[in-house]
Amino acid sequence: MNADQYLAQFGVTVEQARSFIMANMATPINIYNAALQYKIDSKMLAEIVAPQFSGLTHVGVEKFFDGLGLKGAALNPLEIDVNPNVLLWMGQESLAPLYSFNNNTGILSTASLRSAITAKTGTNKYNSVFDVKFLPGAADGVLSTTDLGFTHLGDIKATAANYESLYYGTLINASRNLSVSEFWAFREFIDANSAAIDAEDRDVVAPLIAFLTDVYKDPADDSDPAYLSDAQIAAELKGQVMDEVLFVGTPQQESMLINLLLF
């Protein structure tokens, strides 16, 4: 998929993207953040600015950001892992059972989590994290099954309340599926491959992500109970969202469904 086809998913033309880049050359962090947020890889960036920078390759784009103290490799096509068939914030149909609204009560209810977090962050900053304007496909007021990437919930209204509930409900489901044996297998993998993971060696990172995906698809049961208690899950969720609040307006504020299962 070329840059023109990819950008069309967001209602943006190559010319508009090029104008944005050229207007922000004095503040390249804005370009970098936007590329990360919308998963525009270094190859596409080189293609977009080709009329101004003839002969520029994706390697040159990455080195440009490296020279500014930014991680150019984060924009590498393999790192971003562009899927030409879906918008990149989507969920995965294979993980459909995990995606649900939050119907939990007590410390894991949406109201309880929101109250605990806003007490420390304030309501306005909290609400900005669940602003649906960051979700591709939400502009028409509806997140269709095509926008979402899974079908079992049907089309849903593109509201902050739905986004918030879906986020919490899904993470709680995934967290409850992490069993004791799976957690220790995960720790063993991390300990054995820590250097390669720190170096972002794709030969290690790819199987790690596959392993985690299988973990979260496989429910815990009596023979292999859940590793995390509800209290621990609540604490993790509070920390996760407070981190998002701190990084509003930075690359961390991609749609929070992108790395939904890897917190």
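Rule-based calculations on the coordinates, nothing more; no lab input. As the structure is a computational prediction, the values presented were derived from the model and not from experiment. Please note: Cβ atoms are built from the backbone with ideal geometry, for glycine as well, and neighbour counts cover all protein chains shown.
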Label-point gap, in nm, between Ala160 and Ala231 - each point 7 angstrom along Cα→Cβ = 3.2 nm
Row for segment 1-79, column shape: gyration tensor on C-alpha, a ≥ b ≥ c, rounded if a/c < 1.5 i.e. under 1.5, prolate if a/b over b/c, else oblate; value rounded
If all Cα-Cα distances of segment 120-192 are sorted into 5 Å bins from 0 onward, what percent lands in each bin, rounded to whole numbers?
-> 3, 14, 17, 18, 13, 11, 12, 10, 3, 0
Taking R0 as 30 Å, what's the FRET efficiency between Thr151 and Ala34 from their Cβ-Cβ distance, rounded to 0.05?
-> 0.50
